[in-house]
Structure formats: structure tokens, C-alpha cells
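Have a look at the structure below, then the notes.
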Amino acid sequence: MIQLPTRSARILEQTGCFEPEEISSILHAREQEGGNLLHRCLEVSGLSEETFLPKLAAAMALTFVSLGQEVPAPDVLALFPAKVVYHYKVVPLSVEEGSLRVATRDPFRPGLVEALQLSSGHRIRLGLAPLAEIEKAIKRLYGVGGETIEEMLEEDGGEDIDALLDADPNELDEEASVVKFVNQIIWEAHQEGATDIHMEPMEKDLRIRYRIDGVLVQVPLPARLKRYQAAIISRLKVMSNMDIAEKRLPQDGRIGLRIRGEDIDIRVSTMPTVYGESVSLRLLMRQSTLLGMEKLGLTPQDAAKLEKLISRPHGILMVTGPTGSGKSTSLYTYLNTINSVDKRILTCEDPIEYEIPGINQIQMKPEIGLTFAVGLRHILRQDPDVIMIGEIRDRETSEIAVQAALTGHLVFSTLHTNDAASGFTRLLDMGVEPFLVASSIEALIAQRLVRTLCQDCKVAADYDEGYLKDIQFPVEGMDTIYKAGGCEACRNTGYRGRTGIYEILTVSDDIRQHIIARDPASRIKATAVKQGMTPLRDDGWSKVLNGTTTIEEVLRVSDDADEAV
């Protein structure tokens, strides 16, 4: 379509992005060295695709397409096989006046129009869109791994793939379609920042969902995926060293992968259901970059308080909250902050979620008797200064932790309780003596994770004042507050990323008296608030007021905490 140098020169000149000598250099380099003309234009101009492509579209009398607003009909999508769409990075949009509108990133690609015409049987009218938008649209419209499922259908001729299942899965070619599809699902989850992948068999479908920012998101998948359910699950069981013949009992396993130079440890769990085995994968980024204290979402006052707490020579610092509230990330951040050559730090973990240089991390193995209690007892003979216990689950572990704190060690650990004050009553319920709890614990930190607003699409919110008073939102001096919008950048959720909300309960003499008297958590919390503790929900309201998150998010994650004192 655009092959003559004179026409190419005229188009580049009309974009207004280049000097004449730059155009000559671009075209000469292309003629001598080959390569992609669009790449050279972007390199020389220094512009992004989002800036350059609208100018290029105007120069070529093409349209610049916003793919987020396009909803192609199913019969239009069917005009191209998925492998054509993925190979050429194009999206069919609509048929108008006998021509098929197609979005592409690169109108200079040799043979593009001819290949698309041959594949679809229609005349082609190009529109331009950035590559990132095209790739998002392809996933949304054709499903993750659409071209791989198409390959499977071609390979088995539309029949079931019993032959593949009967073969030794360890000898499968890495390019085999089932292997490729499973890798695509894991890679896509990694790119999206998912922490979990759930594969759930339904009566007529296989549903796959990612947990992103703490919320489950359904993955768009190709049609007819259900027929490959058994092969996909068998592949995952092989990767995690499970028994592929056992389908009646739950199984657990692990997968170790290396993606983009990062080691990902995947915990795999299978569970038999009515329509087949459900598989859950937990993605652990073992070498992820740890957050600094400044990135946890702490207020300046709470950050200063925590800096003092984690620098103490002894005592117990506990982080509380439900599963998925960021407890482990906080503990790793504290350890990384105090990590130095003059401190010996040892941890008991199950599993090890992050690897920190300079810290001795021990993986618990209950199946051979290496429990938290056993590991902790032996750690005390290793001359530690700081100890981290992944979770306190029973009386034995809690009593050893208390003794460690009372004999001059700084101990970090986690508990599953709704608020900070409930941590004391949980330890007492485990059978630890009140005077030991009061003597050893320096602070309890309750936390939750709230999704942060997408800054590209957040919108001002207008709430009824009566409603705000009912939920005890601080309306006095209230400025503009925001609610979630929705755009392509945030997958139409209105949120991107997460931050923490906290309540930090430091143990004072009055709190110790409450513990020794076995007073209820509500009385302990009331005293702590009088002494300056910010309750969990109040910390959330401060993040609503500064535009970080929304009222709905704070209510969602703190609904089980006693915000009223």
C-alpha cells in the first residue's frame, strides 16, 4: 500500500514531526538496512504512539480509533481467524459500505492489507490505534490464548484429545498447545499483577478468574474451552508433581517458574467438584522489590511511631488482619528496614513469600515435623537478635514467642483478628497467661488493604449528608471527595493498585492493667483511642479525604472492625 519512497516522504512531511533531513535519514536507513518504518519514525521523533499515530492518521487520511469505545459484532470478529488477529496485531471493527474497518498499529507493514483481504474476503479500510490498546482489545474480544485454542481445534480435528491425555505429559513438547495455553494464562496473570488464579469447572464452561487488587476479575476466554478442561488441569498437575490419575481427592503442589528474570513460586491446590476438579494457584513473587516504609500508606504520625517500635531491642510486634490484608508485606518491610550487618535476623515461614538478602529464612515443613513451634525452639539456639514467625496459630508457638521476647529478642508475627485490641483476647484464648501477654507485647497493628483510585478517571462524588453522618464520616471541613469512574487503564474498575489503612495500638500501663484483668477488647480499644490511637476506619476516612480511595472501599474492608468506640 505504502511502498514508494516519494509517497512515504510526503506522508512523513505532512505529519509535521520531522525536518527534511530527518525524513531523508529515515527513508535511507530503511532502504539500506530494512527494518520497521514506524519504529524508526518513533525513534527519530521521540514521540509516543499515542502522540504520533493521530498525526500519521491525518497525514494518510485514515482515522485514529479509540478501541475502548468500539464494540464489534460477533459476525465481524469471525471474519478473521484468531491466529491472524494475534499475528498481525489487528482488530476487525465493522463492515461499512462493503469495506471492513480494521484497527492496526502499523500501516507501513508490507503485505498487511493484502493478507487481511485474503483472509476476510473484504476490502480493507485501516484505522490506527496504539499497540497497547490493540492488545487489550484482542484479549477482551478473542479471549486469552484465543489463537492457541484455535490451534488445538485444528490439531484434533474437532475431536476430543484423549490421545494427548494418554501420552506421557512429561514428554510434551513445550510448543504443544495445552502447554502453551497454560503458560499464557500464568503469564497473563503475572502481567496483570494477579495474586491468584482460579480455574472453576462449570456445567457448560470452564471459568478462569484472577484476583487483582484483592478483587476477583473474570478472564475473557475463547469459546469451546470446556472441551480442553481435562487436558489443562492435567498439565497443571504434572507441573506441580501431583498424581494426575487421582481425581477424587484434594491435592496440593508447587510450581517453580522464571518469568522476566523473576522466580515465581506458585502454590497449587486442586479440589474435586460436581463438574470436575477446581484448581487454585497462588502466585508468590519471591524476588519482588520490597516496599519501603514510605510506600505502605502510613500517615506521618503512624510512620514515626512504627519506626520507634521496630527499632526496640525486645518485645513482640504483631500485625493482625484477615487473609489478604497485606500482613506479610508489612512484616517483610519492617525486617528490610532494620536489616543490617550488626543484627542477626531469622524467620520461620510457610511459605517464604519474599527472599531478603542478609536474613536467614527457614521454610516450615509440617509433613516432616518442622512446625512453627519446633522451628522457633531451635531458632532460639541460633543467637538471633530479631525473629519473625509467619503466624502464631497455637498455644505452644505463642508461649515460645513470649519467652523469646522476655529473654531479650525482638519478635515479629501475625494473627488473624478483626482489630488490634482483639489480638490480646486471642492470645488469652490460646491459653497464654495474662501477665506474660502484658509483659511481652509492645504493640498490635491492625491493617486492611483498600484499592486506590485510578487518577485518570476518578470523578467527584456527591453524598447525602445524612448518609455520611450515619457512617460517621467526618463532614466538618470536608473538601471534594471522589468515587470510582472507569477507563481502559484500570480495566473499567475505577481503581489501580492498593494501599493500607492501619490502627496502631501501643501497649501502655493502662492497657497492661486491662490485659491482666482479662477485660474485653472493646474496653482495651476505648482506652487506646483515648490515648491517641487512630481507629482503622478513621484512618480510612483520612485517605478518602485526601483523594486516595473511596468511601465504598473503606466500608468494604473495615465492615468487620468495630469502628465505633
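With 19 Å as the limit on Cα-Cα distance, the pairs of K295/K327; K83/K136; K247/K365 that go past it are K247/K365. For the chain, taking a cut-off of 4.7 Å between Cβ atoms, the unpaired cysteines are C17, C41, C348. Rounded, prolate or oblate, given the Cα gyration tensor of segment 434-565, with a/c below 1.5 counting as rounded? Prolate shape, in that a/c is at least 1.5 and a/b is the bigger ratio.
Amide hydrogen proximity for D196: with H placed 1.01 Å from N in the peptide plane, the residues at 5 or more positions away or on another chain lying under 5 Å are R211, L283.
Expressed to the nearest 5 percent, the antiparallel share of DSSP beta bridges inside the chain is 65 percent. Calculated mean residue ellipticity, 222 nm, the chain: -11000 deg cm²/dmol, from DSSP H runs (n ≥ 4) at -39500 (n - 2.57) each, averaged per residue and rounded to 500.
Assuming charge only on the beta carbon of Lys and Arg (+1) and of Asp and Glu (-1), the dipole of the chain about its Cα centre is about 640 debye to the nearest 20.
For the chain, the longest principal axis of the alpha carbon atoms and the long axis of helix 20-33 meet at an angle near 90°.
How far is helix 327-338 tilted off the main Cα axis of the chain, in degrees rounded to 10, range 0 to 90? With both axes taken from Cα atoms, the answer is about 80 degrees. The spacing between segment 440-458 and segment 510-532, judged by their C-alpha centroids, is 24 Å. Here's the picture: charge each Lys and Arg Cβ at +1 and each Asp and Glu Cβ at -1 in the chain, and of P107, L118, I208 the one pushed furthest to the positive end of that dipole is I208.
The residues neighbouring L436, those whose beta-carbon lies less than 15 Å from its own, together hold a net charge of -1 under the Lys/Arg +1, Asp/Glu -1 convention. Simple rule: put +1 on each Lys or Arg Cβ and -1 on each Asp or Glu Cβ in the chain, find the dipole, and look at L225, N492, G321; the Cα lying farthest toward the positive end is G321. Along segment 128-134 the Karplus relation, 6.51 cos²θ - 1.76 cosθ + 1.60 evaluated at θ = phi - 60°, assigns HN-Hα couplings of 9, 8, x, 4, 4, 5, 5 Hz to successive residues, with x for each Gly and Pro.
Most simply put, segment 331-450 has about 10% antiparallel DSSP beta bridges, counting only bridges with both residues inside it. Normalised Debye scattering of segment 200-267 at q = 0.22 Å⁻¹ gives log10 I(q)/I(0) of -1.20, counting only Cα atoms as equal scatterers and leaving out solvent.
Evaluated on segment 1-132, the Kirkwood hydrodynamic radius is 15.5 Å, with distances taken between all distinct Cα atoms. Axis angle, to the nearest 10 degrees, between helix 536-545 and the longest C-alpha principal axis of the chain: 40 degrees.
The protection proxy used here, the mean number of other Cβ atoms lying within 10 Å of each residue, ranks peptides 369-378, 43-52 as follows, highest first: 369-378, 43-52. Taken one residue at a time, the phi angles of segment 101-116 give Karplus couplings (6.51, -1.76, 1.60, θ = phi - 60°) of 6, 10, 8, 9, 8, 10, x, 7, 4, x, x, 4, 4, 4, 5, 5 Hz. Gly and Pro are set to x. Note on the chain: Cα convex hull, mean projected area over all directions, 33.3 nm².
What you get for segment 289-448, charging only the Cβ of Lys and Arg (+1) and of Asp and Glu (-1), is a dipole of about 160 debye around the Cα centre.
For segment 180-332, the extents of the C-alpha atoms along the principal axes are 57, 30, 29 Å, listed from largest to smallest. Given charges of +1 on the Cβ of Lys and Arg and -1 on the Cβ of Asp and Glu, with all other atoms neutral, how large is the dipole of segment 14-103 about its Cα centre, in debye to the nearest 20? Computed about the Cα centre, the dipole is about 260 debye. Using the Cβ of I134 as centre and a radius below 9 Å, the other residues enclosed give a net charge of +1, where K and R count +1 and D and E count -1.
Between L428 and E19, the distance separating the two model label sites (each 7 Å from Cα on the Cα→Cβ line) works out to 7.9 nm.
Each reported figure results from applying straightforward, stated rules to the coordinates on display, with no laboratory input. What you see is a predicted model; the values in this text were computed from it and never measured. We place every Cβ from the backbone using ideal geometry, glycine too, and count neighbours over all the protein chains shown.
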